[in-house]
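As structure tokens, the structure follows; a few thoughts come after it.
The values are calculated or read from the model by the stated rules, or taken from the named source; none is laboratory data. Note that the coordinates shown come from a computational prediction; the quantities given were computed from them, not determined experimentally. Because the Cβ atoms are built from the backbone with ideal geometry, glycine has one as well, and the counts that use them run over all protein chains shown. To get the accessible areas, we keep the full protein, side chains included, count just its heavy atoms, and leave off ligands, DNA and RNA. Shrake-Rupley method; radii C 1.70, N 1.55, O 1.52, S 1.80 Å.
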Amino acid sequence: MSDYIVQLIVIALGSSLVSNVVLSQFLGLCPFLGVSKSVKTAAGMGGAVIFVITLASLVAGLLYGFVLEPLGITFLKTIVFILVIAALVQFVELFLKKYMKSLYKALGVFLPLITTNCAVLGVAITNVNLEYDLLTSVVNGFATSVGFAIAIIILAGIREKIAFNDIPKPFQGMPIVLVTAGLMAIAFCGFAGLI
Amino acid sequence: MKQCMERLYNGIIKENPTFVLMLGMCPTLAVSTSAINGLGMGLSTMVVLALSNLMISAMRKIIPDKVRIPAYIVIIATFVTLVELLLHAYVPALHESLGIYISLIVVNCIILGRAESYASKNKMMPSLFDGIGMGLGFTLALTLIGLVREFLGAGTVFGISGPDLYGASLPELIVGLINQWLDPNSTSEAVQLWNRILTDEISSFSPMGIMVMAPGAFFILAILTAIQNVIKEKGKKAGKDVSKIQSGCNSDCINCKDSSCAKYPTDAEKVISEESDNLQVNGLIDEGARLPVEVVKDEDKQLQDDEKQEENNGLQDDEKKKESNSLPVDEINEESDAELNEETAVEEVSDEINSKETVIESEDNNILEDSMEESKPEKKHKMTLLEATQEIDIVELEELLGEEEDDTDE
């Protein structure tokens, strides 16, 4: 039992810091670069991503274990996952809008942006490829999305400071953000020795 | 047939998905660690893109408008699954090295974007060639980026390292080529010196491992976008239509239509773009690239205001308000888009001599040159002086708008 917990912790650390979803796997790059103007919006986006990815890896894990595998149609996983995730996000949005107004206000506007985010599908497929069980899948999904939130909030913080700097003309805008992301990726390489 | 060739040209050069439009960045960065990976990924994407375009175009009259996106996704996912199984069966090594990124072709912005903006409105053959053209453009870009990263990061080209080539390492080979080009038989001191410097310098060449790691991808992309910025700036000065460059797909693949998301913003994007619009407009008034502290505060105020509005009016009202708020901007966008060609025509008339003198410096400039040529027939529009001056006003407005859009595109 304790071995299992240790394994879960290792997976959590690994997917949140060591192989960070944005900075070393390049998944979810669009929102990472697009919605990181201010820390406030970045935090909102991070929250929404944590919410959706955790839920999606739970649902995808259930579907794979109880429907696709018994029926022997695991090769349909890509189609099933993408449709289920898209439907799930729509459903969550409607649900929040109706019953949890305050949470909807905090995360609502970001939900449609995540529908076809490659990070969500990426986590679901990684879970299946590495043959994680249900609990491990959820932990992995949660840790991955926390890694995303960490990265986007740090980047937003740096971008808020960069706005005041004197940057060479060609590098203004997108390029300097990418350079920043590259430097962050170097920093995150330092976690490689962690596990 | 002519249209098909035009589609190919459009996809490979004029609207190259990576170098011009900046779409599908996730696979571009993740898979371009080596040229062969880039080539494999590009070709897989091309097959999916061409076939799904063909299929969607064939079914464009059957698919109801309301469920078209899920329908497109099912079609795309089907072809992705096919390609993945084929790769697994016949090219297991490539399948291994591309990993989950093959499955993730489903969520590549380019594919859904082309389905939405081209295949759903056009006949089958042009759609097929549109897919092939875009796919080839993507393949070309991925292979080139992969080539650069592989050469810098591992010192090889397509996996062939130095010793395989005529018993010399790659740097040695390059030195040899340069020497031969200088003068194969010369024993003059200049050549000797040149030879020695080069050999000393490059024989100590060791690959920059970071280029094949994650940070290298970001740096390469940063340099690429910086080059794009320069070209865009130059194009703007010459009065060319540069709206396509770096138009990107701002954080939302599914609403990416014709790669100009700013035209069809979703609610969320409206909030985000309004925010950045405010930022940018204030910045413009101050005439500085850097943003003063107040601007950030303003932005926060704006956010708070938005929240208050929501509390006061309820969500639906608020949405309506947002729409009505953004409506004028949208109108201006549409107007200016409709008149874009005419504007460029006007500018061309005045700058005709200048533009003739511009020297084509690079391939990319070529692209701009060509896009300009297309709008030349528009020149025949007759315009009174009054109209022309009005147009120029709009040109200025358009530039302002353009810059705002740039900002949201980040």
Criterion first (modelled with pLDDT of 70 or more and more than 14 Å from every other protein chain (Cβ to nearest Cβ)) does residue B:239 satisfy it? yes
Looking at (1) without any contact (Cβ under 8 Å) to a residue 60 or more places away in the chain; (2) more than 23 Å from residue A:63 (Cβ to Cβ), which one does residue A:149 not meet, given that it meets all the others? (1)
Selection count, the stretch A:26-50, where residues are over 22 Å from residue A:133 (Cβ atoms) and open to solvent by 20 Å² or more (accessible area, probe 1.4 Å): 6
The listed residue being closer than 12 Å to residue A:117 by Cβ and out of contact with any Ser or Thr (no Cβ under 9 Å at 6 or more places or on another chain), out of A:22, A:39, A:6: A:22
Restricting the first residue to the stretch B:201-222 and requiring it to be in a loop (DSSP other than H, G, I, E, B), which pairs with a second residue that is at pLDDT below 70 meet a Cβ separation below 8 Å and a spacing of at least six or different chains? B:205/B:171
Filtering the stretch A:66-86 for residues that are over 22 Å from residue B:86 (Cα atoms) and aromatic (Phe, Trp, Tyr) leaves a count of 1
Looking only at the stretch B:80-96, and only at residues there that are of a type in the set (A, V, I, L, M, F, W, C) and open to solvent by less than 60 Å² (accessible area, probe 1.4 Å), the one that is nearest to residue B:23 (Cα to Cα): B:80
Name the pairs whose Cβ atoms lie under 7 Å apart, with the first residue in the stretch A:60-76 and within 13 Å of chain B (Cβ to nearest Cβ) and of a type outside the set (Val, Ile, Thr), the second open to solvent by 60 Å² or more (accessible area, probe 1.4 Å) and part of a helix (DSSP H, G or I), and 6 or more positions between them or separate chains? A:75/B:85
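Table: residues versus (1) of a type outside the set (Val, Ile, Thr); (2) open to solvent by less than 30 Å² (accessible area, probe 1.4 Å).
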site	(1), (2)
B:31	no, yes
B:39	yes, no
B:43	yes, no
B:47	no, no
B:53	yes, yes
B:72	yes, yes
Exactly one of (1) facing chain B (nearest Cβ under 9 Å); (2) over 17 Å from the mean Cα position of the chain (by Cα) is unmet by residue A:126. Its number? (2)
Quick check: is even one residue across the stretch B:54-68 polar (S, T, N, Q) and either within 29 Å of residue B:217 (Cα to Cα) or out of contact with any Leu (no Cβ under 8 Å at 6 or more places or on another chain) (or both)? no
Meets criteria (more than 10 Å from chain B (Cβ to nearest Cβ), touching a Phe, Trp or Tyr at 6+ places or on another chain (Cβ under 7 Å), in contact (Cβ under 8 Å) with a residue 40 or more places away in the chain and over 30 Å from residue B:32 (Cβ atoms)) for residue A:17: no
Using the structure shown, decide if residue A:57 is of a type outside the set (A, V, I, L, M, F, W, C), open to solvent by 30 Å² or more (accessible area, probe 1.4 Å) and closer than 30 Å to residue B:82 by Cβ. no
Taking into account only those residues within the stretch B:55-67 that are under 17 Å from residue B:111 (Cα atoms) and in contact with a helix residue (DSSP H, G or I) (Cβ under 6 Å, 6 or more places away or on another chain), which is surrounded by the most Cβ atoms within 10 Å (Cβ to Cβ)? B:56
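One line per residue, one yes/no per condition, for (1) more than 14 Å from chain A (Cβ to nearest Cβ); (2) modelled with pLDDT of 90 or more; (3) within 30 Å of residue B:208 (Cα to Cα):
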| site | (1), (2), (3) |
| --- | --- |
| B:42 | yes, yes, yes |
| B:75 | no, yes, no |
| B:82 | no, yes, no |
| B:90 | yes, yes, no |
Quick one: which residue in B:99, B:131, B:135, B:113 is among the small types (Gly, Ala, Ser) and open to solvent by 20 Å² or more (accessible area, probe 1.4 Å)? B:99
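Just give me the residues in the stretch A:9-25 being crowded, with 23+ Cβ neighbours inside 10 Å and either over 23 Å from residue B:102 (Cα atoms) or hydroxyl-bearing (Ser, Thr, Tyr) (or both), in sequence order.
The one that is crowded, with 23+ Cβ neighbours inside 10 Å and either over 23 Å from residue B:102 (Cα atoms) or hydroxyl-bearing (Ser, Thr, Tyr) (or both): A:15.
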Checking the conditions here, which among A:96, A:194, A:111, A:88 is at pLDDT below 90, surrounded by 15 or more Cβ atoms within 10 Å (Cβ to Cβ) and more than 12 Å from every other protein chain (Cβ to nearest Cβ)? A:88
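Residue by residue through the stretch A:161-188, note down the ones that are touching a residue at least 12 places away in the same chain (Cβ under 8 Å), more than 7 Å from chain B (Cβ to nearest Cβ) and not polar (S, T, N, Q).
Within the stretch A:161-188, A:162, A:176, A:184, A:188 qualify.
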